[in-house]
Amino acid sequence: MYTSFGNQLYVLLHFSFALLLLMVWIPKWLFKLPANADRWMAGYLRIVFVYIVIGYVLVLLKLFEVLAILAVLGLYASRHYLKRTAQAARMNAFTAIGLMFYEALDVGFQLRQNWERLRARLTRKQVFERFRARPTATWWTTGALLLVLGVAAYLRFADALTQAAPAMSDGYVTLAWMKYIEQRVLFHDGIYPQGFHITLAYLHKFAAIDQLYVLKLTGPLNGVLTTYGLYFAVSRWTGNRWAGIAAAVLYGLAGVPLHGQDWIRQATTNSQEFAMVFVFPVFYFLAKYLQRGEREDLWTGAAGLSVIGLVHTLVFAYAGMGLAVVMFVGFVLSLRTMGRRVWNLTLVGAAAVVIALLPFGLGELLGRGLHGSSEEFLTSKVSVTLPDLHLWDGLALAALVPLVLAFLFRRKPFREKVFEFTAILIIAASFVLYYVAPTVTQSLVLATRTGSLWAMAIPFSVGLGLHALFLPLQRMRSLSVWQGIVCVGLVVVCVRQTQLELIDPYKMEWNHGVEQYLQIAEHNRPKTWAVISQNEGYSLVLGNGYHIYMKDFLDRYDPTLPPLTHYGWDQPDPNLPNEIYLYHEKQVFEVSTSNSVYTLLAPQYEQRKQENAKLEQWIETYKSHHAELEVFYEDETLCIYHLHKEEDTETKQQKLWGKSH
């Protein structure tokens with residue numbers, strides 16, 4: 001079953017392998033990045049951009065398969081050897097391949113040699129010396145970070161590991177769009193950035209597990225990665241790991257008091273949450289480039305900014321605001337020394353906008369219109385008043401005070417205060433976007449989505465404020481201890497406010513029904529079975545089997561005739577597979593009446609109750625004309641019947657030998 005230890009272990013191992021391969025090993029092999037603390041994040045930002053671009057091209061060419069992906073990556077990796085001036089490099093590469101061949105012939109000796117090296121490195125003395133070589137403060141901060149990330153993961157992954165049904169209605173859309181990408185179809189339901197769905201398709205192809213598991217696990221992972229991204233940005237911004245941990249504590253553990261109603265989205269799989277992973281690391285790399293002028297940082301920031309544009313439009317606008325802030329800082333602090341860098345950032349911004357718009361142009365060329373509900377959401381107006389401010393809002397604004405004081409009075413030239421000035425303006429702009437912009441514009445999208453962006457800016461502000469507050473005490477020997485105590489205090493406040501309550505997003509159907517879908521998919525070959533159920537079943541079954549909507553089934557098939565025969569026909573429907581699974585809800589699933597989406601779904605529930613009554617009548621009529629229906633699964637809320645469509649001899653011969661002409 002879904003929650004069994006063996007099943008979850010199998011799924012997590014496969015998913016972890018795909019993550020490590022795609023997001024760690026391949027970028028390390030593909031990009032020759034400097035071996036510094038930023039290397040992993042830089043590789044991650046770059047490789048996701050490469051994957052999305054390759055994905056768009058291969059889907060468009062109908063070649064989106066593992067071998068094609070690996071071929072393109074291999075070609076990209078060998079780009080340096082294809083230049084005319086790289087003859088020596090090509091010769092060295094061929095020589096290395098030859099050496100590898102001869103070394104492989106002596107594999108036994110190589111294994112023994114590697115084992116001896118490993119044993120020498122893992123002796124008790126060596127391990128102890130390595131442990132002592134690292135400062136005690138580093139071990140404390142590493143342990144604290146891992147603990148915070150572990151608790152953040154626990155809060156977010158609990159639903160994914162215990163509940164089979166996708167979270168929220170958006171989960172079914174995301175699942176279907178991922179499967180359309182794998183079927184090499186772009187913009188099936190209208191033009192919408194497909195970067196996230198392409199990334200999900202990559203994970204599924206290399207994890208080799210059902211797409212449902214990829215959907216369930218990726219959403220919580222995005223929340224944990226955003227938590228780590230804030231730690232990364234703040235700790236690098238300040239050079240203070242405790243400041244980064246403070247930011248991670250707030251974003252990872254503060255729950256509803258920080259995130260509001262968007263807290264449940266931390267356990268769901270949506271494009272917006274994936275785009276948010278990249279925002280503050282991108283701000284860091286752009287600010288770092290403005291300060292130091294290193295091209296590697298510019299390319300990394302450009303890749304991350306482009307990824308956001310290819311994933312989610314609103315978050316891209318927010319990231320564009322951050323880029324504008326960095327450029328403004330360059331103008332104000334020292335245009336003479338930073339003018340060229342500001343110009344390069346301008347080019348990066350323009351290129352990112354063009355890249356973000358390319359999918360829209362491609363969709364127009366393919367004859368697609370904009371995704372209907374997204375377009376309506378973007379253009380809708382609503383009456384908005386100024387939001388109430390709470391504890392964390394006040395703390396974020398208060399943190400600006402030591403930040404501004406440090407910027408004004410810290411003893412170093414203003415042109416070297418890029419990070420401080422950029423941080424102050426980003427926090428201030430984020431607050432205006434959250435607090436003022438929705439009221440001024442009366443925009444539905446700003447009213448409902450800017451809270452998520454401000455929820456990222458609050459930990460960023462608090463982490464930087466903590467660092468600025470302790471700057472006058474830098475020479476104090478116990479400074480690290482006091483910073484750790486402040487982080488513990490933040491943890492205590494978060495725990496008291498939230499009790500570390502697990503995220504429990506609403507569902508759209510019974511968990512047991514989804515679990516049985518997994519059983520059906522596991523025990524039948526692809527495309528040899530079909531499910532008859534309500535709308536949610538379509539996304540689950542897509543690509544693995546066939547789906548028949550309940551209304552269509554009741555309107556088309558006659559219960560008095562041989563199984564699965566249309567009204568007025570004399571033979572079963574030849575277009576259906578042989579194995580059919582009929583979902584009968586004894587009790588129609590409904591979200592809680594206290595949920596805001598209930599009023600939207602209430603008419604649908606009434607329709608389903610009517611269809612349920614018709615289905616019960618259909619089943620009774622079928623039983624009176626045929627044998628009892630085989631029960632595949634049954635509990636107090638759901639019964640799944642198994643119908644087998646018999647094939648005549650001629651059909652079997654055609655399947656076996658092909659059609660005769």
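Restricting the first residue to the stretch 326-353 and requiring it to be over 12 Å from TYR289 (Cα atoms), which pairs with a second residue that is acidic (Asp, Glu) meet a Cβ separation below 9 Å and a spacing of at least six or different chains? Pairs found: LEU333/GLU416. Of the helices (runs of 4 or more DSSP H) lying entirely inside the stretch 244-316, the ones with 2 or more residues being buried (at least 24 other Cβ atoms within 10 Å of the Cβ) and in the same structural domain as ALA447 (by the TED database) are found at 271-292, 295-311. Filtered by the rule that a residue be among the acidic types (Asp, Glu), within 17 Å of LEU542 (Cα to Cα) and touching a helix residue (DSSP H, G or I) at 6+ places or on another chain (Cβ under 6 Å), the stretch 139-193 gives a lone residue, GLU182. Of the residues making up the stretch 565-576, those that are touching a helix residue (DSSP H, G or I) at 6+ places or on another chain (Cβ under 9 Å) and either open to solvent by less than 100 Å² (accessible area, probe 1.4 Å) or over 17 Å from LEU615 (Cα atoms) (or both) are HIS566, ASP573, PRO574. Please determine whether any residue of the stretch 216-225 is open to solvent by 10 Å² or more (accessible area, probe 1.4 Å) and more than 15 Å from the chain's Cα centre (by Cα). Within the stretch 216-225 (the criterion being open to solvent by 10 Å² or more (accessible area, probe 1.4 Å) and more than 15 Å from the chain's Cα centre (by Cα)), the answer is no, since none of the residues qualifies.
When the residues of the stretch 160-171 are narrowed to those that are out of contact with any Asp or Glu (no Cβ under 6 Å at 6 or more places or on another chain) and either open to solvent by less than 30 Å² (accessible area, probe 1.4 Å) or of a type in the set (Phe, Trp, Tyr) (or both), which ends up farthest from LEU9 (Cα to Cα)? Once the filter is applied, the top-ranked residue is MET168. Considering ARG341, ARG336, the condition of being more than 19 Å from MET41 (Cα to Cα), of a type in the set (Lys, Arg) and in contact with a Gly (Cβ under 7 Å, 6 or more places away or on another chain) is satisfied by ARG341 alone.
Return yes when ALA455 is assigned to a helix (DSSP H, G or I), modelled with pLDDT of 90 or more and farther than 23 Å from PRO281 by Cα and no when it is not.
Answer is no for this residue.
State which residue is most open to solvent (accessible area, probe 1.4 Å) when the search covers only the stretch 537-552 and only residues that are touching a strand residue (DSSP E or B) at 6+ places or on another chain (Cβ under 8 Å) and in contact (Cβ under 8 Å) with a residue 60 or more places away in the chain. Once the filter is applied, the top-ranked residue is TYR538. Only one of the numbered conditions (1) open to solvent by less than 40 Å² (accessible area, probe 1.4 Å); (2) in a helix (DSSP H, G or I) is not met by VAL384, and that is (2). What do you reckon, is PHE331 assigned by the TED database to the domain that holds ILE191, open to solvent by 70 Å² or more (accessible area, probe 1.4 Å) and modelled with pLDDT under 95? When the stated conditions are applied, PHE331 passes them.
One residue is enough: does the stretch 569-586 have a residue meeting the conditions under 18 Å from ALA165 (Cα atoms), in contact (Cβ under 8 Å) with a residue 12 or more places away in the chain and touching a Gly at 6+ places or on another chain (Cβ under 7 Å)? Yes; the residues of the stretch 569-586 include at least one that is under 18 Å from ALA165 (Cα atoms), in contact (Cβ under 8 Å) with a residue 12 or more places away in the chain and touching a Gly at 6+ places or on another chain (Cβ under 7 Å). What residue, of LYS62, LYS28, is open to solvent by 50 Å² or more (accessible area, probe 1.4 Å), within 17 Å of ILE181 (Cα to Cα) and of a type in the set (D, E, K, R)? Testing whether each residue is open to solvent by 50 Å² or more (accessible area, probe 1.4 Å), within 17 Å of ILE181 (Cα to Cα) and of a type in the set (D, E, K, R) leaves just LYS62. Checked against the criteria, PRO562 does not count as touching a residue at least 24 places away in the same chain (Cβ under 8 Å) and open to solvent by less than 40 Å² (accessible area, probe 1.4 Å). Any residue in the stretch 470-484 that is within 30 Å of TRP139 (Cβ to Cβ), aromatic (Phe, Trp, Tyr), out of contact with any Asp or Glu (no Cβ under 6 Å at 6 or more places or on another chain) and surrounded by 24 or more Cβ atoms within 10 Å (Cβ to Cβ)? Checked the stretch 470-484: no residue is within 30 Å of TRP139 (Cβ to Cβ), aromatic (Phe, Trp, Tyr), out of contact with any Asp or Glu (no Cβ under 6 Å at 6 or more places or on another chain) and surrounded by 24 or more Cβ atoms within 10 Å (Cβ to Cβ).
The values are calculated or read from the model by the stated rules, or taken from the named source; none is laboratory data. These numbers come from a predicted model, not from an experiment. Note that we place each Cβ from the backbone using ideal geometry, even for glycine, and neighbour counts take in every protein chain shown. These accessible areas exclude ligands, DNA and RNA; they are computed on the full protein's heavy atoms, side chains included. Shrake-Rupley method; radii C 1.70, N 1.55, O 1.52, S 1.80 Å.
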